[in-house]
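I have placed the structure first, in the form of structure tokens, so that the comments after it can refer back to it.
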Amino acid sequence: MAEITLIINGKKVKGETEDTILDVCEKNGIDVPTLCHFKGLTDVGACRMCIVEIGEERVAINTACTTQALDGMVVKTDTERLNNLRKINIELLLAERNHFCMFCEMSGDCELQDLAYRFKIDYIRYPLLFPKLPLDASHKYIIIDHNRCILCGRCIRACDELEANHTLDFRERGWQKMINIDLNSTLRESTCTSCGSCIQVCPTGAIFDKKSPYLGRSEECEFTKTVCSECSVGCGTEIVTRANHILRINGNFDSDVSRGLLCDKGRFEPLYKEKKRYLKPMVRVNGELKESDWEEATKIMVEKIGGMDGKDIAGLVSARATNETIDLFKKLINNVFCSENIGMLHGPITTIKGKGSLNKILESDLIIVVGADFSKDHKVVRSLIKRAVVKNDSSLILVNSNANNLSSYAKLLLKKEELEKVNEEISMANEVSIIFGYKISGDVEKWISKYGGEVNLIGLMPGTNSLGAYKLGINRNFKPRKARGLYILAVDEDNDILENIIEEAKKSEFVVLQTSYENVLSKEADLIIPSMMWAERSGNYTNMEGKTQEVNKSITSPPEVKDDREIMVSIADKIGKFLS
């Protein structure tokens, strides 16, 4: 793109040929009020707040967000005429729907309210319409109050352009116009995937989540950018906290992995999990777990596990642990306990190394999904696939995949025995992405391997930091076997993963469980060591692309709970070995 020069408010500023006037203003720190504009979404010029004067002799008034910037263009953004028109627009919005701020949970965080204060609106010159519109609270996480809606269309564009689900649109006309959910459905009964993007982009109190209303305004909160710990995509998140409590989870629009998009598992589920938290070590005495202290717990650990032969000890670590924690755990098992019997809680998976890029999915004219299940994890990958098919007209082939609403987008639905049919499709394509699950069979592995260096190859890893663990030397083909001493670093792992090793735990003579919460393994454990939960950890993850991502703690752990790494160093010290 070539550089261009504009004169804005009497000063020369630089932009690029594909910029809009608003783009140029933002790049040069020139403030232009907006309401329907949201970074990352298509601009439609609906609110008319970003209007600017263009030209000198014959002055035109256009929206800055939809007008292309041209070299030599003369623009004014802050004139009495423009501000009077903006004020009229705000008054009309305030007159149309019920915006009594004292009853709205977004008061203090509302963009419409901010503009009303900015333009000093203390009364409204127009008749108040205030039609009685419905409030939809049927959804598990989301509430839509149509009375607060200003019809900016941000939620519709987010649903279309980010999640590619097209659940939302407009219906009716005039004062009755409102957001439509599928065919006049409720949100609970609709095709909504619960990604929550509509909540984050809404500028008023029209769409909000059920968990965080009235718990704190932005100025009272802290915002921590980190990485989602729910699967291996590595979506960027922004954790909103107040007084060391998590209020909500936002998508980070600056993330080069997800670019603001989250799924329900990343945005909502961590806030809705209700589990008993372990704050002190627990020791099994006469068949029952009794509360203990760190000194006794460490002593028992050293006596029981430390006194065993290395070949009788096994270690299992969760992929939700950071690279630093996994590395230290491996050293503890290998160097302190002298055992090579160490693996991941997720069990054996394919050995194919995916080195692809998620962003290249959107550039592919052919996408092949093999042995993938998007019903629980990796839902953002599913959204990228839908976006590629709908927006870029990419072809989609599904092979042995539980695609969870992708079937209607597919050109072909095949079984693994029909893989050879895909070869011809690949030969005719320019850019190909192959996305595969981690439980594919050997013959499928062989087929994928022959395209390893030619296509965008993405492996859906089973846990948040599986790839990081494998790079640190944790055997991805490891199968748990009977061990006298079993040390499980589960952190805050879910029960559906922990259930897979219950039988191994039952066979072990002594089981150490390092965990944040009570889980299905608790009744098999002889010693339970409290662990930090996801929001209290810091370090690094390696996502499915191989990118190293920084994990930042957003809340402080309870004073009784120690860092996992501190615990392992303490155990090594008691045994008389150095661990770093």
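Every number in this text was worked out from the coordinates using simple rules, so none of it is lab data. As the structure is a prediction and not an experimental result, all values here were calculated from the model. Cβ placement follows ideal geometry from the backbone for every residue including glycine, while neighbour counts extend to all protein chains displayed.
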Mind jotting down the distance between the C-alpha centroids of the stretch 134-150 and the stretch 394-451, whole Å?
39
How many percent of all Cα-Cα pairs in the stretch 260-319 sit more than 19 Å apart?
60
Work out how much length D114 to R173 would gain on full extension: take 0.36 nm times their residue separation and subtract the Cα-Cα distance, in nm to one decimal.
18.5 nm
List the lysines whose alpha-carbon lies under 16 Å from that of K391, not counting same-chain residues fewer than 8 positions away?
K360, K411
Taking the C-alpha atoms of the stretch 491-580, how large are the radius of gyration and the largest Cα-Cα span, Dmax, in Å?
15.1, 39
Please work out the Cα center distance from the stretch 274-303 to the stretch 52-120, rounded to the nearest Å.
61
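What is the local net charge at I361, summed over the other residues whose Cβ is closer than 13 Å to its Cβ (Lys, Arg +1; Asp, Glu -1)? Mind dumping the intermediate values first?
Details: positive: R259, K360, R382, K386, R387, K391; negative: E363, D365, E431, E545.
Around I361, the charge tally is +2.
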Multiply the residue separation of E420 and T186 by 0.36 nm, subtract the distance between their alpha-carbon atoms, and state the gained length in nm to one decimal.
79.9 nm
Taking one equal scatterer on every alpha-carbon of the stretch 534-573, how large is log10 of I(q)/I(0) by Debye at q = 0.17, 0.20, 0.29 1/Å?
-0.59, -0.73, -0.96
Give me the compactness ratio for the stretch 358-460, meaning the Cα radius of gyration over 2.2 N^0.38 Å.
0.94
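Going from the alpha-carbon gyration tensor of the stretch 345-401, what semi-axes, largest first and in whole Å, does one get by taking the root of 5 times each eigenvalue? Kindly include the intermediate steps, with their values, before the conclusion.
Details: eigenvalues 97, 31, 25 Å².
Ellipsoid semi-axes (Å, largest first): 22, 12, 11.
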For K290, list the aspartates and glutamates whose Cα falls under 17 Å from its own Cα; do not include residues on the same chain fewer than 8 positions away.
E518, E524, D526, E560
Give the percent of DSSP beta bridges with both residues in the stretch 3-78 that are antiparallel, rounded to the nearest 5.
85
Peptides 206-215, 526-535, 112-121, 55-64: what's the order by average Cβ count within 10 Å, highest mean first?
526-535, 206-215, 112-121, 55-64
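From the Cα trace of the stretch 421-536, what convex hull volume per residue do you get, rounded to a whole Å³?
Details: hull volume 16.6 nm³, N = 116.
Here the figure is 143 Å³ per residue.
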Along Cα→Cβ, 7 Å out, is where each label goes; now give me the distance between the ones at D31 and K132 in nm to one decimal.
4.1
What trypsin sites (Lys or Arg not before Pro) does the stretch 367-460 have in DSSP loop regions with at most 14 other beta carbons within 10 Å?
K376, K411, K415, K450
Among 217-223, 515-521, 169-175, 242-248, what's the highest-first ranking by average C-beta atoms within 10 angstrom per residue?
515-521, 242-248, 217-223, 169-175
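What is the projected area of the convex hull of the Cα atoms of the stretch 65-210, averaged over all directions, in nm²?
Values: hull surface 42.0 nm².
Over every viewing direction, the Cα hull of the stretch 65-210 projects on average to 10.5 nm².
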In Å³ and rounded to a whole number, note down the convex hull volume per residue for the Cα atoms of the stretch 105-173.
145
Pairwise centroid distance, computed over Cα atoms, of the stretch 153-203 with the stretch 1-19, Å
36
log₁₀ of I(q)/I(0) at q = 0.16 Å⁻¹ - the stretch 3-78, Debye sum with one point per alpha carbon:
-0.49
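Based on DSSP, what percent of beta bridges with both residues in the chain are antiparallel, to the nearest 5?
Numbers: 45 of 84 bridges.
Around 55 percent antiparallel, to the nearest 5.
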Of K311/K331; K439/K553; K450/K482; K275/K471; K120/K210; K280/K330, which ones are farther than 27 Å apart at the Cα?
K439/K553; K450/K482; K275/K471; K120/K210
Counting other Cβ atoms within 10 Å, keep those with at most 12, restrict to DSSP loop, and tell me which GluC sites (Glu not before Pro) in the stretch 246-313 are left.
E274
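Is there a quick way to get the dipole size of the chain? I mean about its Cα centre, with the Cβ of Lys and Arg at +1 and of Asp and Glu at -1; what is the value in debye to the nearest 20? Display every interim value, and only then the final one.
On the way: 78 positive and 85 negative charges, 118 e Å.
With Lys and Arg at +1 and Asp and Glu at -1, about 560 debye.
Which value, in Å to one decimal place, does the Kirkwood hydrodynamic radius take for the stretch 130-272 when every pair of different Cα atoms is included?
On the way: mean 1/r = 0.0636 Å⁻¹.
After inverting the pairwise mean of 1/r, the radius is 15.7 Å.
Quick one: if the Förster radius is 35 Å, what FRET efficiency do V520 and N359 give, using the C-beta to C-beta distance and rounding to 0.05? Write out the running numbers ahead of the final one.
Details: r = 38 Å, r/R0 = 1.08.
Result of the calculation: an efficiency of 0.40.
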In whole percent, the Cα-Cα distances of the chain spread across 20 Å bins from 0 upward as 18, 44, 30, 8, 0
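Counting only other residues whose beta carbon sits under 12 Å from that of N335, what net charge do I get with K and R as +1, D and E as -1?
Numbers: positive: K330, K331, K577; negative: D327, E340.
Once positives and negatives cancel, what remains is +1.
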